[in-house]
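In what follows, a structure is listed as structure tokens, so that the remarks can point back to it.
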Amino acid sequence: MAETLVGERVVLLDPAGAAVGTALKSEVHHVATPLHLAFSCYVFDAAGSLLVTKRAASKPTWPDVWTNSFCGHPGPAEDMATALARRAADELTIRLGDLRPVLPRFRYRAVMPNGVVENEVCPVFTATTADPPEPHDSEVGALEWIPWSMFRDDVLGGLREVSPWCALQVAELAALPDDPLSWPSGDWGALPPAALGSVA
């Protein structure tokens, strides 16, 4: 199932991360993209290797670019954990275990060469899976498993080009231990206010 369903809406935010409305996902990204709620997830296997994906060529933002395992947008009133599970299934046909926030307040803004802007409060999560990914062509062009330390060092050293949000996230995650399975969970209560309703 593709994420860009007709009528799908994203949550618009104020500078403090509180919800102020919604907008159609199909219309929210342009040269003056309003701040909105998203998430990024880094999925690891039992050995601590990271699932890295290449965004499909049909994606309107950063097509054909390598990035973290998957990203998405919670819908209005959608539980954050439910949104992550939905996107994992939609993009990669996998189930998630041990879901935890690691950068609960991450925020970024990036501009494509054509002027289209990403402008998101984008909490970063980690998860594990034992499922073999079966990517959907409309979402993922390619994928690979790579040891976290190798991916981290390649991104930091400029040897691997990734999406702008992934590069910023990796720079922050680099401060954590080499073994991603030992990373401490962040505080679910530190998620932006618009996402706090997703915490049981």
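Among the candidates Ala46, Ala77, Ala23, single out the residue that is in contact with a helix residue (DSSP H, G or I) (Cβ under 9 Å, 6 or more places away or on another chain) and at pLDDT below 95.
Details: Ala46 fails: at pLDDT below 95; Ala23 fails: in contact with a helix residue (DSSP H, G or I) (Cβ under 9 Å, 6 or more places away or on another chain).
So the residue among Ala46, Ala77, Ala23 that is in contact with a helix residue (DSSP H, G or I) (Cβ under 9 Å, 6 or more places away or on another chain) and at pLDDT below 95 is Ala77.
If you go through region 116-148 and keep only what is open to solvent by 50 Å² or more (accessible area, probe 1.4 Å) and of a type in the set (Gly, Ala, Ser), you end up with Ala130, Ser138, Gly141. Scanning region 106-115 turns up no residue that is modelled with pLDDT under 95, of a type in the set (Phe, Trp, Tyr) and buried (at least 17 other Cβ atoms within 10 Å of the Cβ). Kindly evaluate Val102 against the criterion of being in contact with a His (Cβ under 6 Å, 6 or more places away or on another chain), touching a residue at least 12 places away in the same chain (Cβ under 8 Å), farther than 23 Å from Leu159 by Cα and surrounded by fewer than 23 Cβ atoms within 10 Å (Cβ to Cβ). Against the criterion (in contact with a His (Cβ under 6 Å, 6 or more places away or on another chain), touching a residue at least 12 places away in the same chain (Cβ under 8 Å), farther than 23 Å from Leu159 by Cα and surrounded by fewer than 23 Cβ atoms within 10 Å (Cβ to Cβ)), Val102 does not qualify. Does region 64-99 hold any residues that are in a loop (DSSP other than H, G, I, E, B) and either over 23 Å from Pro184 (Cα atoms) or open to solvent by less than 10 Å² (accessible area, probe 1.4 Å) (or both), and which are they? If the condition is that a residue be in a loop (DSSP other than H, G, I, E, B) and either over 23 Å from Pro184 (Cα atoms) or open to solvent by less than 10 Å² (accessible area, probe 1.4 Å) (or both), then Asp64, Val65, Asn68, Ser69, His73, Pro74, Gly75, Pro76, Ala77, Glu78, Thr93, Ile94 are the ones that fit. In summary, Ala32 fulfils each of the numbered conditions (1) among the aliphatic types (A, V, I, L, M); (2) in a strand (DSSP E or B); (3) in contact (Cβ under 8 Å) with a residue 40 or more places away in the chain; (4) over 22 Å from Ala130 (Cβ atoms) with the single exception of condition (2).
The values are calculated or read from the model by the stated rules, or taken from the named source; none is laboratory data. Keep in mind it's a predicted model, so treat the numbers as computed, not measured. So basically every Cβ, Gly included, is an ideal-geometry build from the backbone, and we count neighbours across all protein chains shown. Surface areas here come from the heavy atoms of the whole protein model, side chains and all, with no ligands, DNA or RNA. Shrake-Rupley method; radii C 1.70, N 1.55, O 1.52, S 1.80 Å.
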